[in-house]
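Just so you know, all these numbers are worked out from the coordinates, no wet-lab data involved. The structure displayed is predicted, hence computed values, not measured ones. FYI the Cβ positions are ideal-geometry reconstructions off the backbone, even for glycines, and counts take in every protein chain you see.
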Amino acid sequence: MGRSTRSTTIRAVTVRRIHPTAFRIAHRGTSREINRQIALNLIRSRQPISRAELARLMGVRRGVVSRLVEELLATGLVVEGDKGESARGRKPMHLHIETRHRCVAAVDVSATRTSVMIADMLGHPLLDIAELPTRRRPADLVADVVGALTRLLESNPDAGRCAGIGVAVSGLVDASGRLRLSPTLGWREVDLRQPLEAALHVPVVVENSTKACVLGQVWATRGEAPADGPVAFVNVSDGVGVGLAVDGKLLRGAHNAAGELGHVPLNLYGPRCSCGQRGCWEAYVSKRAVVARYRGTDPSWPASEDTGAVTIEQILERARAGESRALEALRETGFFLSRGLGTIVKAVDPVRIYVGGEITAAWDILLPTLRDGLLEDEVVREAGEPEILPVPLAEHPRLRGAAALICTPAFAAPVVS
Ligand SMILES: [Zn+2]
């Protein structure tokens, strides 16, 4: 295949997250690497943290922690400084993840727009997001992205060296990062990784955008507590994508196609979907479906492409203004959303489901019908309702996911089997 070894090390993001609280310390006979990764993840989730606190959390002697810390300092992933709070004049040294001198680039390629973000090694944005129109020819898109990244990095030398580029793209991406098929982009068999690597001389990881999204959420260092067990990310937009992760590791399946639950039919005689089948979940909850529901027009593909110039944003606005037709369309969509979420519960019994996309702006409107729909389902009732969290568009879940493709492998659990 002629892959370079440098990028091979991080291309396949089969990482598993180390839980910052529920971990077991490896003792004699197990790998010291595991302890080092546990220390690294504790620093990541608890920073700034002192060596003493780290030893206490890990339940090991100071000497053991000091050896692990020395190794981590040598990798450059961790730094020690006096950023911690100074208690009564004494300034203890604290450990942090090194976020200076190094950055990652995140690229989100969607049907009309490509966004580029420079983030630190924890995935936090460092600069304003740059947006470009998505050009129809992959080579033109690559040239645009190379130009945008070069400009951003050259005009912001403080961002540091770029450690890699994560690319999130709609469609089926194989394990090598090759885009096999993207109906939304109209692309088939496209390699974005190789030309980007050749132009920018850094490792590039290309992944399906919803898979990237779930990775971005599980590894996020902000907000809610990390979820142990299966987690799903559902992106409801032009299409419906689902990304699944178990203990921080993406569920890929044999051909990286696991999780294509947007194309599980809810009704074999339902509206024609963009994939050619009838009655897919996507045909009931995508933006086109919501617009057709609101207008009372045919939700089938391709008839639903004619939206009569009504946008989902307008429907959301009209619902906010109290228009009953808009409210009803969104409430009904909440119910159909629950049907697909029920499928996810039956497939992987997740502890948490993140939902992204335009409709999250109407979360309060559709949540009651969504929950009623879920609880109508006996299997879901018995399994227990998962936690369902909306992820607003303003949080840029796809860009965060693209950044996670590069940031997270360093923190992953070592493979010990
Ligand atoms: Zn379909």
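Net length available on complete extension from Arg62 to Glu378 is 108.6 nm, with 0.36 nm assigned per residue and the Cα-Cα distance removed.
Length gained on full extension, Cys275 to Arg151: 40.8 nm, using 0.36 nm per residue less the C-alpha separation. Of all beta bridges that DSSP places with both ends in region 135-293, some 75 percent have antiparallel geometry.
If you take the charge dipole of region 224-391 about its Cα centre, with +1 on Lys and Arg Cβ and -1 on Asp and Glu Cβ, which of Val379, Asn235, Thr369 is farthest toward its positive end? The one lying farthest along the dipole's positive direction is Asn235. Each residue of region 311-320 was assigned a 3J(HN,Hα) from its phi angle through the Karplus expression (A = 6.51, B = -1.76, C = 1.60, θ = phi - 60°), giving 10, 4, 4, 5, 4, 4, 4, 5, 5, 4 Hz with x at Gly and Pro. Report the antiparallel proportion of the DSSP beta bridges in the chain as a percent, rounded to a multiple of 5. Counting only bridges with both partners in the chain, antiparallel ones make up about 60 percent. Once the C-beta distance of Leu132 and Trp363 is scaled by a Förster radius of 41 Å, the resulting FRET efficiency is 0.90 to the nearest 0.05. Under a model in which nothing but the beta-carbon of Lys, Arg (+1) and Asp, Glu (-1) is charged, region 168-293 shows a dipole of about 420 debye around its Cα centre. The radius of gyration of the Cα set in the chain, together with its Dmax, comes out at 22.6, 73 angstrom. Among Gly147, Gly340, Gly216, the largest mean-square fluctuation in a Gaussian network model of the chain (Cα springs under 10 Å) belongs to Gly147.
The residue list Cys273, Leu54, Ala212 was ranked by how far each Cα lies along the charge dipole of the chain toward its positive end, using unit charges on Cβ atoms, and Leu54 comes out on top.
For region 224-391, treating each Cα as an identical point scatterer without solvent, what Debye log10 I(q)/I(0) comes out at q = 0.13, 0.17, 0.18 1/Å? Cα-only, vacuum Debye calculation for region 224-391: -0.61, -1.02, -1.13. In the chain, the longest principal axis of the Cα atoms and the axis of helix 324-348 are about 50 degrees apart. For region 224-391, relative contact order (Cα pairs under 8 Å, six or more residues apart, normalised by length) works out to 23 percent.
Each label point was placed 7 Å from the Cα along the Cα-to-Cβ direction; for Ala74 and Ala394 their separation is 4.6 nm. Taking the C-alpha atoms only, the angle from helix 363-375 to the longest principal axis of the chain is near 80 degrees. Restricting attention to region 224-391, close to 50% of DSSP beta bridges with both partner residues there are antiparallel.
For the chain, the Cβ-based charge dipole about the Cα centre amounts to some 1520 debye (Lys, Arg positive; Asp, Glu negative; other atoms uncharged). Ordered from longest to shortest, the equivalent ellipsoid semi-axes for region 272-369 are 22, 19, 10 Å, each the square root of 5 times a Cα gyration tensor eigenvalue. The separation of region 234-266 from region 134-161, counted between C-alpha centres, amounts to 29 Å.
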